[in-house]
Protein chains: 4
Amino acid sequence: MRKVCVVVTARPSYSRIRTALLALRDRQDVELQLVVAASALLDRFGNVVKVIKEDGLEIADKVYMVLEGENLVTSAKTTGLGLMELSTVFDNLKPDVVVTIADRYETIATAIAAAYMNIPLAHIQGGEITGSIDEKVRHAITKLADFHLVATKKAAERVIRMGEDPGTVFVTGCPSIDIAAQIMQAPAMNFNPFEKYGGVGTQFDLEKGYLVVMQHPVTTEMKEARHHVTETLLAIQDVGMPTFWFWPNVDAGSEDTSKGIRAFRELNDSRNIHFFKNMHPEDFLRLLYNSKGIVGNSSVAIRECSYLGVPAVNIGSREGGRERGKNVLDVSYDRAEISAAIRQHLNNTRPENDMLYGNGQAGIQIAELLATLPLKFQKRLTY
Amino acid sequence: MRKVCVVVTARPSYSRIRTALLALRDRQDVELQLVVAASALLDRFGNVVKVIKEDGLEIADKVYMVLEGENLVTSAKTTGLGLMELSTVFDNLKPDVVVTIADRYETIATAIAAAYMNIPLAHIQGGEITGSIDEKVRHAITKLADFHLVATKKAAERVIRMGEDPGTVFVTGCPSIDIAAQIMQAPAMNFNPFEKYGGVGTQFDLEKGYLVVMQHPVTTEMKEARHHVTETLLAIQDVGMPTFWFWPNVDAGSEDTSKGIRAFRELNDSRNIHFFKNMHPEDFLRLLYNSKGIVGNSSVAIRECSYLGVPAVNIGSREGGRERGKNVLDVSYDRAEISAAIRQHLNNTRPENDMLYGNGQAGIQIAELLATLPLKFQKRLTY
Amino acid sequence: MRKVCVVVTARPSYSRIRTALLALRDRQDVELQLVVAASALLDRFGNVVKVIKEDGLEIADKVYMVLEGENLVTSAKTTGLGLMELSTVFDNLKPDVVVTIADRYETIATAIAAAYMNIPLAHIQGGEITGSIDEKVRHAITKLADFHLVATKKAAERVIRMGEDPGTVFVTGCPSIDIAAQIMQAPAMNFNPFEKYGGVGTQFDLEKGYLVVMQHPVTTEMKEARHHVTETLLAIQDVGMPTFWFWPNVDAGSEDTSKGIRAFRELNDSRNIHFFKNMHPEDFLRLLYNSKGIVGNSSVAIRECSYLGVPAVNIGSREGGRERGKNVLDVSYDRAEISAAIRQHLNNTRPENDMLYGNGQAGIQIAELLATLPLKFQKRLTY
Amino acid sequence: MRKVCVVVTARPSYSRIRTALLALRDRQDVELQLVVAASALLDRFGNVVKVIKEDGLEIADKVYMVLEGENLVTSAKTTGLGLMELSTVFDNLKPDVVVTIADRYETIATAIAAAYMNIPLAHIQGGEITGSIDEKVRHAITKLADFHLVATKKAAERVIRMGEDPGTVFVTGCPSIDIAAQIMQAPAMNFNPFEKYGGVGTQFDLEKGYLVVMQHPVTTEMKEARHHVTETLLAIQDVGMPTFWFWPNVDAGSEDTSKGIRAFRELNDSRNIHFFKNMHPEDFLRLLYNSKGIVGNSSVAIRECSYLGVPAVNIGSREGGRERGKNVLDVSYDRAEISAAIRQHLNNTRPENDMLYGNGQAGIQIAELLATLPLKFQKRLTY
């Protein structure tokens, strides 16, 4: 039975890969080894252990690796630590193939540990383009990976142009779309977010329309993190519509983002905002579907929301190069631009659904590939 | 004054970059920060500290990072450790640009530390093709690097095809050729290797002709390391010509290579072989120039020896994809093939010199680029 | 000039050693090398960097070493990391003597790094007795240390009985008492805590009397941390007097303590409590002096408050074996016992000042010893 | 079934604890978890894995933790690394009690990991006195340990005087004596050391009498390591008797010791010396029993050889404070003193056996205690 080891290092990565994990769990020919690491284990960034257990998945190992400090030096050291710890984990679990997801800085630790230990490595969601350090990380992982399970055709083309063997590149779509596809079958709100998730701030009437904000610090613009989040807060205050605000991922700069939010709350009227740490992925997508739009720099706005047809205001460079559907308006870190874009969306009709990032079968396809691909760990540039 | 930090992690890397270091030292507009790390600090792999001091270079910091054990797990952990340690070093030295050399497994630690700390990264000798894990490491570093100082036109083409901005890719030639070019101006032997370097084994008359062997373990063929080295030993025994044999680099597998050598010496007649740990680069090239040929899987056989016109027998996959001149005969790990190729070379006239890997000015060109390039640390795939 | 390197790993340690640092800074025969490490660098545990700069001290190096997770495994790993990082720091700073303070788990990293690098080690505040893991850490550091600068005569006796050379043991008193002694010269409140430190919760009239609470999780009772803090919260609610509550140190269990506080605040009326993260040491002592008493398990209650004559309710085993003056009432983790003890204090007259932990000259004496002691790093059990 | 985890970090530690391990393996009420770490895994320091398998013991985990460099900084970092790695191991194995042996620098990593993770810790061979850094390490471990299984009555007295509860201190004797006791029942040579262990150097006739040398570098005298070993080599050369010489442990300074040996061999006549890396413990003791004496600074000379009645010349401070029988002559690092002491022994009759370090039942007693002691992990100074 093939041992497939998936390393999840952050809450959003879990959400993204979830349907593939469930499909792997359900296969008879696969032993799923789920490793939970880094901020995915930490309460203040939305510990996913509980969610994983609710999903009926077993955790093969946990890896604490976040060196606290949230600056560039600790990002590098966290990655070094992760590499040391994950090589122990792989040595114990002896997987036949390791799976790493996307492009967060610490995921390169997974990639190097597998590559150096001669374990075939599959990379989910390579070939995309964004701004920031993620850009370097993502493509470096492509060069370390033996198999590339990408979200879009354009991503596949890029991976192949980078010199990867076309026979190792597969367009599966993004598994996060799978959940969106399930939601779409009965999309009405079926839970009360205030009751289910607590959070802090005003409770308001969902029926009257609301926005969702998710804004992460951008590593290469770190010193600006606090200013950036404040601009968005001011825009949201200006628009005045009830808003759900989600705390950022752990990252160099997240402390400054968090400080910016706290400082704003103490000095300003933030009565129209309710703050959450995190939410079950399905609930989150349902919340998005029923919202008037999403604001910030989360990739959810571009991926899932293109499928769901949710208006999105994308701020700044973080998602710069990512392919996008018609649901997205791009703005800079400027309160006036942000509020203008929100108002423009509110005045328009809702965008159409778009299959750019997948047709809802990504999880099943990824599981099938991981279970059946002939494995290898040697490769060579194709040119 | 621009601070240029060069990280050297192994004896052969120092030899390769040496003329660039000397050129950097001599510039008025550069503060050279030389960091010596990993096996470059260890006596049993040819500690280069003494050589560096003889070259009149100052060492800015030393980084012990080799976790002993010489297996795949310790390779990964050594890299993790190096990442943790080098981020401290960069935080202390605050370089304007970091330089990493070639493709040994631990060099990715230099690349990640610089990239994650928003320090512009220059990579020397990307874009080449070889077998083994180096292949993954080299191209992953290309994706982390901001500037690419490559040895050949073909390497430059490959780096650009991988999506790097052509404005950041420069063909400088390989600085190791610079030393070869200097040697060529007066190539006669001017030292006695037995007196100067000791070593163990028979002392023989250089005038009667001799071979040089340098054979490293190949990570992805690790379990075979002992068998591989034994085949070469038997071939050398069979040919019977006096031979200088150099011990391998520290690497997963080097312990097995070393064991193979020791076992052979105990059981066989190795009277025609003299063993050295390492040699000053200039002496080594002079020794090569005056030899009848080089045998093994060192890149020296392909780079410097093409310029010097030294016959080479290249064994196995390690240097598989590297561009080569007419001086190279490729064979597999087989004593009969190896000895046949040696004999073929001995019967032919000496190959002509070839400028494939540089014209002897690489060090000066690299120093000029590092001193004057407009620096940046953000990039994006070009397609 | 003698290089004296003091490693501070937590906010309370800085407060405790502060007058010695100022005295060292003012000496002509000493170069003070102040290293700030671990939670002392982290905002959520009261980053002391700002306070240090306000005190006019320079920071020689910063060491991020807290592996996030706040459980027993991450405590051990944090210490291992600290040992790796601090040996780099000592190798760079080359101190003549290293100073480590008290008994927090991560301080043993300082002690081992110094001992293993043959650097004389001075330990501040050994020889005391408490419950919990601190007990093991403190005495293990005594066995690694070459000089013992202890707070009380009894502590000196214990250190000597453990086999230390009496010529290396000095009773200096505790430098935290120095600040208390300064405060005592003009003890009236001279700042408004709400204005100066913000915090969250009700603002009340200090003139009407208030309590101070500081309760840390106890490592060996970790699973109980949340329950323990809740008992105290209920007692404070019951007594009803206005109260300043300080958040706990980072430690295995602190997350649970923090959760307990947050949960209580959501479900209960905590109108009489105002929460602070931390406070400048002098302000804190002044606040204490003017309070009706301190509740919790902080050593401040036993050391400084004995000198200041502040009534203290000491909860649980954390400070179990520490010598105490007449100002302390000991209770268990029980809301009824806690509130009864608070009421008993409120009904009594204020306790007298007690010089048990020092006469106010500890900082000057410690600086004198560190500057002038003949140094050595070898020792042997005296029996 | 109680899980007893024993961590072995060096070849001599394995030899010392071996009979206890065999006794633990044979008990029905114990699951033995044997962890092999540090130099015990490395070929060049006498990898013990093969010996362990021959003894029929299973290895629960292996921990590579030696940072190569063999200087004081790498000793500290190796210990830090070990602490990080061993906490992972204990978290996976979940032992009921951890056992650490003696006083090598890296063993404190075992002690801290166990103590910080609230796992009861038993220390074998505390309470002894020696020179060097071992002295600090040994007693620091005593203060971290919950149970003390010591070799002699005097050691027990010292541990109790250091403030340990007498109810936790047990005189078991040293298990290395158990093997000596078994050997004594039929002590004639029953193997040919040259055939069984190879080694390098002359093969000589055992019947004519021979010496054994084992000399380790002393950490606090590190720079002297090469000089020290050379004095012994010269003394052995002077005496001229056939000699078996064993390579030193990995340690700061061992590289210098090894260099001293190599340099001597190249420049001097060492025909009367045969060099071994290591030997099966039983064979080693038999070899010792049948020798004319042991020379160097190994504790074997003092422990096992007192029981066996083998004359010993103990050089320098390493074993300074250790209790000794009448078989030991102490000398300094001086060729004349060393050779004089050897000659004095050769002229005397063989010393009598001495039970100072045990009666041959230590392994069984240790196993019984580890299997049945009521476990706890909290303690307090007794005074």
| Failed item in (1) surrounded by 22 or more Cβ atoms within 10 Å (Cβ to Cβ); (2) within 23 Å of the chain's Cα centre (by Cα); (3) not assigned by TED's automatic domain parsing to the domain that holds C:Thr130, with C:Ala155 passing the rest | (3)
| request: Looking only at region A:242-288, count how many residues are in a strand (DSSP E or B) and more than 14 Å from every other protein chain (Cβ to nearest Cβ). | output: 7
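For every residue, the table says whether it meets (1) touching an Asp or Glu at 6+ places or on another chain (Cβ under 6 Å); (2) under 26 Å from D:Gly199 (Cβ atoms).
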{"site": "D:Val30", "(1), (2)": "no, no"}
{"site": "D:Leu41", "(1), (2)": "no, yes"}
{"site": "D:Glu54", "(1), (2)": "no, yes"}
{"site": "D:Val66", "(1), (2)": "yes, yes"}
{"site": "D:Glu70", "(1), (2)": "yes, yes"}
{"site": "D:Glu85", "(1), (2)": "no, no"}
{"site": "D:Asp91", "(1), (2)": "no, no"}
{"site": "D:Pro95", "(1), (2)": "no, no"}
| query | How many of the residues making up region C:89-118 are polar (S, T, N, Q) and crowded, with 24+ Cβ neighbours inside 10 Å? | reply | 3
| task | Taking the options C:Leu57, C:Leu86, C:Leu22, name whichever one is more than 22 Å from B:Leu86 (Cα to Cα), in the same structural domain as C:Glu164 (by TED's automatic domain parsing), part of a helix (DSSP H, G or I) and not charged (D, E, K, R). | result | C:Leu22
| Any hit, region C:198-214, residues being touching a strand residue (DSSP E or B) at 6+ places or on another chain (Cβ under 8 Å), at pLDDT 95 or above and within 14 Å of chain D (Cβ to nearest Cβ) | no
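Kindly evaluate B:Leu83 against the criterion of being in contact (Cβ under 8 Å) with a residue 40 or more places away in the chain, at negative phi and not basic (Lys, Arg).
no
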| note | Checked region D:352-374 for anything assigned to a loop (DSSP other than H, G, I, E, B) and either basic (Lys, Arg) or touching a helix residue (DSSP H, G or I) at 6+ places or on another chain (Cβ under 8 Å) (or both); matches are D:Asn353, D:Asp354, D:Met355, D:Leu356, D:Tyr357, D:Gly358, D:Asn359, D:Gly360, D:Gln361
| query | Hey, any hits in region B:271-279 for a residue that's under 30 Å from B:Val73 (Cα atoms) and in contact with an Asp or Glu (Cβ under 9 Å, 6 or more places away or on another chain)? | reply | yes
| task | Would you check if there is a residue in region A:100-115 being part of a helix (DSSP H, G or I), aromatic (Phe, Trp, Tyr) and either on the phi > 0 side of the Ramachandran plot or at the interface with chain B (Cβ under 7 Å from one of its Cβ atoms) (or both)? | result | no
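Determine whether C:Asn268 is among the polar types (S, T, N, Q) and over 24 Å from C:Ser75 (Cβ atoms).
yes
So, in region B:346-383, of the ones that are hydroxyl-bearing (Ser, Thr, Tyr) and more than 14 Å from chain A (Cβ to nearest Cβ), which residue ends up farthest from B:Arg25 (Cα to Cα)? It would help to see each step written out before you state the result.
Just the residues of region B:346-383 that are hydroxyl-bearing (Ser, Thr, Tyr), to begin with: B:349, B:357, B:372, B:382-383.
In the following step, the residues that additionally are more than 14 Å from chain A (Cβ to nearest Cβ) were identified as B:349, B:357, B:372.
Numbers: B:Thr349: 40, B:Tyr357: 24, B:Thr372: 15 Å.
Checking each candidate, the answer is B:Thr349.
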| task | Answer yes or no as to whether C:Glu282 is under 30 Å from C:Glu31 (Cβ atoms), among the acidic types (Asp, Glu) and not assigned by TED's automatic domain parsing to the domain that holds C:Glu128. | result | yes
| request: Examine region A:292-300 for a residue that is surrounded by fewer than 19 Cβ atoms within 10 Å (Cβ to Cβ) and among the hydrophobic types (A, V, I, L, M, F, W, C), and state whether such a residue exists. | output: no
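Quick test for you: out of B:Thr130, B:Thr79, pick the one residue that is assigned to a helix (DSSP H, G or I), within 11 Å of chain A (Cβ to nearest Cβ) and of a type outside the set (D, E, K, R). Show your work before the answer.
Working: B:Thr130 fails: assigned to a helix (DSSP H, G or I).
Being assigned to a helix (DSSP H, G or I), within 11 Å of chain A (Cβ to nearest Cβ) and of a type outside the set (D, E, K, R) holds for just one of B:Thr130, B:Thr79, which is B:Thr79.
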| query | Say we look at region C:148-182 and pick out the residues that are within 13 Å of chain D (Cβ to nearest Cβ) and not in a helix (DSSP H, G or I); which of these is nearest to C:Arg318 (Cα to Cα)? | reply | C:Met162
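Here are B:Leu346, B:Leu329: which of them is part of a strand (DSSP E or B) and farther than 30 Å from A:His139 by Cβ? I'd like the intermediate steps shown before the answer.
Values: B:Leu346 fails: part of a strand (DSSP E or B).
It is B:Leu329.
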| message | Suppose the filter is surrounded by fewer than 23 Cβ atoms within 10 Å (Cβ to Cβ), within 30 Å of C:Ala38 (Cα to Cα) and in the same structural domain as A:Thr107 (by TED's automatic domain parsing); does A:Lys62 pass it? | response | yes
| remark: Note on D:Val51: of the conditions (1) within 12 Å of chain C (Cβ to nearest Cβ); (2) outside any loop (DSSP other than H, G, I, E, B); (3) surrounded by fewer than 24 Cβ atoms within 10 Å (Cβ to Cβ); (4) touching a residue at least 24 places away in the same chain (Cβ under 8 Å), unmet is (1)
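Could you identify the single residue in A:Glu337, A:Glu368 that is modelled with pLDDT of 95 or more and outside the structural domain of A:Ile302 (by TED's automatic domain parsing)?
Numbers: A:Glu337 fails: outside the structural domain of A:Ile302 (by TED's automatic domain parsing).
The unique qualifying residue is A:Glu368.
Name the residue that is farthest from the other protein chains (Cβ to nearest Cβ), counting only residues in region C:89-99 that are of a type in the set (A, V, I, L, M, F, W, C) and in a helix (DSSP H, G or I). Talk me through it step by step, then tell me what you get.
Step one: of region C:89-99, the residues of a type in the set (A, V, I, L, M, F, W, C) are C:89-90, C:93, C:97-99.
Checking which are in a helix (DSSP H, G or I) leaves us with C:89-90, C:93.
Details: C:Val89: 9, C:Phe90: 8, C:Leu93: 11 Å.
Across region C:89-99, the extreme among qualifying residues is C:Leu93.
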| message | With the requirement that a residue be over 15 Å from A:Ser13 (Cα atoms) and buried (at least 18 other Cβ atoms within 10 Å of the Cβ), what does region A:174-186 give you? | response | A:Ala180, A:Ala181, A:Ile183
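Let's see how each residue does on (1) within 21 Å of C:Leu149 (Cα to Cα); (2) modelled with pLDDT of 95 or more; (3) out of contact with any Lys or Arg (no Cβ under 8 Å at 6 or more places or on another chain):
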| position | (1), (2), (3) |
| --- | --- |
| C:Met84 | no, yes, no |
| C:Asp91 | no, yes, yes |
| C:Glu106 | yes, yes, yes |
| C:Tyr116 | yes, yes, yes |
| C:Ala122 | yes, yes, yes |
| C:Gly126 | yes, yes, no |
| C:Thr130 | yes, no, no |
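Anything in region A:212-241 that is part of a loop (DSSP other than H, G, I, E, B) and under 19 Å from A:Asn278 (Cβ atoms)? List them, or say none. Spell out the reasoning first.
Let us first name the residues in region A:212-241 that are part of a loop (DSSP other than H, G, I, E, B), namely A:215-218, A:240-241.
A:Gln215, A:His216, A:Pro217, listed by residue number.
Residue by residue, here is whether (1) touching a residue at least 60 places away in the same chain (Cβ under 8 Å); (2) under 21 Å from the mean Cα position of the chain (by Cα) holds:
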site	(1), (2)
B:Val6	yes, yes
B:Glu31	no, no
B:Phe45	yes, yes
B:Thr79	no, yes
B:Ile101	yes, yes
| task | Inspect region A:249-264 for any residue being surrounded by 24 or more Cβ atoms within 10 Å (Cβ to Cβ) and among the hydrophobic types (A, V, I, L, M, F, W, C) and give the result as yes or no. | result | yes
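Considering only region A:215-229, state which residues are away from every other protein chain (no Cβ under 14 Å) and surrounded by fewer than 19 Cβ atoms within 10 Å (Cβ to Cβ).
Let us first name the residues in region A:215-229 that are away from every other protein chain (no Cβ under 14 Å), namely A:215-216, A:227-229.
Passing the criteria: only A:His227.
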| note | Of (1) surrounded by fewer than 24 Cβ atoms within 10 Å (Cβ to Cβ); (2) among the aromatic types (Phe, Trp, Tyr); (3) within 14 Å of chain D (Cβ to nearest Cβ), C:Phe45 fails just (3)
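The values are calculated or read from the model by the stated rules, or taken from the named source; none is laboratory data. Since the structure is predicted, the reported quantities are computational estimates derived from the model, not experimental observations. Cβ coordinates were reconstructed from backbone atoms using ideal geometry, including for glycine residues, and neighbour counts include every protein chain displayed.
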